[in-house]
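The values are calculated or read from the model by the stated rules, or taken from the named source; none is laboratory data. Predicted model, so just to flag it, every value in this text is computed and none were measured. In this analysis, Cβ positions are derived from the backbone assuming ideal geometry, glycine residues included, and neighbour counts consider all displayed protein chains.
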Ligand code: GCO
Ligand code: MG
């Protein structure tokens with residue numbers, strides 16, 4: 001089965017998505033997601049200039065060899081651009097193989113380990129009362145797990161809160177919006193949010209929270225400790241993890257479960273975190289970490305230390321990544337949870353898919369492959385629209401993590 005063509009399709013049905021379509025001489029094609037939010041064109045260039053030329057003429061069945069060729073052959077290993085390009089190829093090839101064999105992707109990986117995949121939705125409010133209501137809305141929709149984020153008094157426009165709709169967190173402007181951050185205000189406010197949430201909704205729903213890398217290790221430890229009474233499912237991205245050792249300090253001080261990894265690209269970014277049991281959930285996903293081939297390796301490594309998966313699933317990852325992740329989640333033995341932010345109806349129309357939501361679970365569907373396609377004619381109606389993610393500064397103007 002020979003690869004005869006590979007093309008990049010960029011479309012913006014509300015936000016930008018980069019898709020790789022690989023075609024074979026057998027008439028079977030596959031698609032993979034290569035979207036890197038706010039830096040889309042970097043991956044487009046990497047694919048078009050450096051990857052597609054070496055794919056043509058190769059045997060599409062040799063997924064592992066092609067993965068190794070692109071990873072080792074580049075010499076310049078890892079990084080978000082390279083690994084997203086590799087992921088797009090890898091996912092398209094798994095899609096092709098499963099379609100050629102006439103089976104859903106989860107069957108190729110080893111078959112179902114569960115009937116449905118527990119997901120968490122995002123409840124965002126402008127203040128505590130609003131967030132409590134938003135969480136209630138998700139409970140009514142059947143969600144078993146909900147991430148709760150609230151606006152903080154005195155902190156204007158913090159990323160990720162307050163829009164009160166389901167399609168939030170766009171890369172919103174051609175030049176980055178500047179936001180202001182205050183850790184002291186946040187640390188005083190967040191325990192009150194979870195106290196109010198448990199008062200109103202009880203301890204049945206799983207509650208999650210994302211600190212978006214804004215704290216130091218000691219502040220992280222303080223937050224984890226202060227949230228212990230509210231028994232979170234996880235506390236995510238407390239502090240930047242470039243230095244994996246910094247998580248030792250956090251771990252020594254709190255039993256709140258920790259999740260990290262949406263910006264990791266390979267096993268090497270989380271190897272110490274996992275083998276020293278410094279985290280409970282690893283958040284790398286298909287498009288972020290080299291596709292199914294490498295994510296499977298990370299999950300198997302994590303299983304040795306009872307670390308479970310919690311794949312990133314924000315709306316800046318296309319439905320192609322969601323579809324592939326759901327097949328992965330259906331198989332992976334050490335599954336934890338899957339993030340699920342809904343795409344807009346426009347995005348769903350461009351990417352027809354077999355997955356569906358019911359009673360807090362997502363189901364990958366039974367279509368051969370990963371079950372997600374692209375309507376190219378419709379995609380062409382939404383041209384690329386340059387947009388960047390915001391940046392954050394402290395109140396005195398210092399550039400900060402966000
Ligand atoms: C999450 C994330 C995202 C990221 C986004 C950046 O937990 O879902 O933090 O919302 O901010 O993917 O592009
Ligand atoms: Mg996050």
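Overview of results
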item: Test for residue 296: is it in contact with a strand residue (DSSP E or B) (Cβ under 7 Å, 6 or more places away or on another chain) and either under 29 Å from residue 351 (Cα atoms) or within 12 Å of ligand 1 (Cβ to nearest atom) (or both); result: no
item: Filter pass, residue 279 being surrounded by fewer than 22 Cβ atoms within 10 Å (Cβ to Cβ), at pLDDT 95 or above and within 16 Å of ligand 1 (Cβ to nearest atom); result: no
item: Hey, residue 19 under 19 Å from residue 295 (Cβ atoms), in a strand (DSSP E or B) and not assigned by TED's automatic domain parsing to the domain that holds residue 284 or not; result: yes
item: Any hit, segment 320-334, residues being in a strand (DSSP E or B), crowded, with 19+ Cβ neighbours inside 10 Å, modelled with pLDDT of 95 or more and away from ligand 2 (no atom under 16 Å from the Cβ); result: no
item: Residue 317 vs. criteria touching a helix residue (DSSP H, G or I) at 6+ places or on another chain (Cβ under 6 Å) and over 20 Å from residue 99 (Cβ atoms); result: no
item: Output for segment 82-109, where each listed residue is in contact (Cβ under 8 Å) with a residue 40 or more places away in the chain, outside any loop (DSSP other than H, G, I, E, B) and surrounded by fewer than 18 Cβ atoms within 10 Å (Cβ to Cβ); result: 101
item: Residues that are under 10 Å from residue 257 (Cβ atoms), in contact (Cβ under 8 Å) with a residue 40 or more places away in the chain and away from ligand 2 (no atom under 12 Å from the Cβ), drawn from segment 222-243; result: 233
item: Failed item, numbered, when residue 315 is tested on (1) closer than 20 Å to residue 367 by Cα; (2) within 15 Å of ligand 2 (Cβ to nearest atom); result: (1)
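Conditions tested, residue by residue: (1) within 16 Å of ligand 1 (Cβ to nearest atom); (2) over 18 Å from residue 113 (Cα atoms).
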| position | (1), (2) |
| --- | --- |
| 292 | no, no |
| 324 | no, no |
| 332 | no, no |
| 336 | yes, no |
| 346 | no, yes |
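A quick yes/no check of all residues on (1) part of a loop (DSSP other than H, G, I, E, B); (2) over 18 Å from the mean Cα position of the chain (by Cα):
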residue: 299; (1), (2): no, no
residue: 306; (1), (2): yes, yes
residue: 315; (1), (2): yes, no
residue: 343; (1), (2): yes, no
residue: 346; (1), (2): no, yes
residue: 349; (1), (2): no, yes
residue: 382; (1), (2): yes, yes
residue: 396; (1), (2): yes, yes
residue: 402; (1), (2): yes, no
